[in-house]
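Here is the structure we will look at, set down as structure tokens.
The values are calculated or read from the model by the stated rules, or taken from the named source; none is laboratory data. As the structure is a computational prediction, the values presented were derived from the model and not from experiment. When we count neighbours, we look across all protein chains shown, and the Cβ atoms used for this are built from the backbone with ideal geometry, even at glycine.
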Amino acid sequence: MNLIWHYGPGEIRINDRSLKAPLMVAPGFLQEQWIAAIENLDVEALGPAWTLQPRIVLLGSAPPPAGRLKELRALLAARQVALEAMDLGAACRTYNVLAQEDRAVVALLFP
């Protein structure tokens, strides 16, 4: 299971791996080198998440973006998936709790 052991400006440690770029993580899935920056987050960037059939998508960044959230929320709501945007620390902590509860969660994290 992928759990987040450390997070901070510029780095997230998942299990024994130190990651410094935007990533997508789920309990049994890790997509590194996913997109270059949060400005590139759009509907197409969520492609790898669909095979995981998430019920909850967490967006963790500092600060959370406001621009594209409305479009992404509408797309996810049509698939009956909740989108929660929060700061990076809150997203990492929430992801760990939901993953350990065996929930269908995907986190989009921007260190």
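In table form, for the structure just shown:
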| item | result |
| --- | --- |
| Candidate set from segment 12-31 (those that are among the charged types (D, E, K, R) and at pLDDT 95 or above); member that is farthest from L83 (Cα to Cα) | R17 |
| Among the candidates A49, A107, residue that is within 16 Å of M1 (Cα to Cα) and crowded, with 17+ Cβ neighbours inside 10 Å | A107 |
| Test: residue in segment 59-79 that is among the basic types (K, R) and at pLDDT 95 or above | no |
| Residue check, V81 in contact with a helix residue (DSSP H, G or I) (Cβ under 6 Å, 6 or more places away or on another chain) and of a type in the set (A, V, I, L, M) | no |
| Filter result for G47 (in contact with a Cys (Cβ under 9 Å, 6 or more places away or on another chain) and without any contact (Cβ under 8 Å) to a residue 60 or more places away in the chain) | no |
| Selection within segment 77-107 - closer than 15 Å to R55 by Cβ, touching a residue at least 24 places away in the same chain (Cβ under 8 Å) and not charged (D, E, K, R) | Q80, V81, A82, L83, T94, Y95, L98, A99, A104, V105, V106, A107 |
| Residue that is farthest from E84 (Cα to Cα), among those in segment 45-72 that are assigned to a helix (DSSP H, G or I) and either of a type in the set (A, V, I, L, M) or within 11 Å of the chain's Cα centre (by Cα) (or both) | A45 |
| Residue that is surrounded by the most Cβ atoms within 10 Å (Cβ to Cβ) [pool: residues in segment 7-44 that are without any contact (Cβ under 8 Å) to a residue 24 or more places away in the chain and in a strand (DSSP E or B)] | I14 |
